[in-house]
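Structure record follows, encoded as structure tokens.
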Amino acid sequence: MQVAPQSDLAAMQDIITPDPIGLWPLAYGYYLLALLLLLVVCGLVIYLKRRRKHLAAKREALKLLSQLEPSDPQLPHSVNALLKRSAMSYLPREQVASLQGAAWYDWLKKQVPGIDPNLAALLEKRFQSAELSADEASQLLAGAQAWLQQALPLKQSKEAPCSR
């Protein structure tokens, strides 16, 4: 007796496929990647906050410089005081406060070697009774702005300050 092939096929069941793989729970590598990404973002935020705080004195000095009037008779004195206060924001007071005259101008030039050579001469005019001309005032403000932008923030040097 022959068995009909149809009956064997009818007795078979369909193939049962597994459930599709879901996104949850994640593999351990994804958790590590998320943790690493979180640490990088936190580190970047901390770095940017510290940098902003560190550059606050520079921003404030540039803001104060922009508020100075070129027609002010005390402009050279105000610019000199602003440069000195800005330098003392980044360096110890003992290293900068005692600098006067040629030692101060040499120190300014040392911080930014390519600075306008007339800056020292214009700052020296704070001891003269004659007011600055409009051209000298704009040159002084431009030189001071260039010095502030290029020199700040200052790196603390290990050498002793030169005083004369």
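Other residues lying with their Cβ under 14 Å from the Cβ of residue 150 contribute a combined charge of +3, Lys and Arg counting +1, Asp and Glu -1. Could you tell me whether the chain comes out rounded, prolate or oblate from its Cα gyration tensor? Rule is a ≥ b ≥ c as square roots of the eigenvalues, rounded for a/c under 1.5, then prolate if a/b exceeds b/c, otherwise oblate. Cα axes put the chain in the prolate bin. Based on DSSP H segments of at least four residues, each scored -39500 (n - 2.57), the chain has a per-residue ellipticity at 222 nm of -19500 deg cm²/dmol.
Counting only lysines at least 8 places from residue 125 when in the same chain, those with an alpha carbon closer than 29 Å to its own are 58, 63, 84, 109, 110, 155. Overall, the accessible surface of segment 11-164 at a probe of 1.4 angstrom is composed of carbon and sulfur to the extent of 60 percent.
Send over a whole-number figure in Å² for the accessible area per residue of the chain, probe 1.4 Å.
74
Sum up the charges of everything whose Cβ sits under 14 Å from the Cβ of residue 87, counting Lys and Arg as +1 and Asp and Glu as -1, but leave residue 87 out. Counting the neighbours of residue 87, the net charge comes to +4. Computed with every protein chain present, the accessible area of residue 105 is close to 20 Å² [probe 1.4 Å]. Distance between the C-alpha centres of segment 56-123 and segment 27-47: 43 Å, rounded to the whole angstrom. For the chain, averaging the sequence separation of C-alpha pairs within contact (under 8 Å, six or more residues apart) and dividing by the residue count gives a relative contact order of 30 percent.
The values are calculated or read from the model by the stated rules, or taken from the named source; none is laboratory data. These numbers come from a predicted model, not from an experiment. Quick reminder, even Gly has a Cβ in these numbers, built from the backbone with ideal geometry, and neighbours come from all protein chains shown. Only protein heavy atoms, including side chains, enter the accessible area calculation; ligands, DNA and RNA are left aside. Shrake-Rupley method; radii C 1.70, N 1.55, O 1.52, S 1.80 Å.
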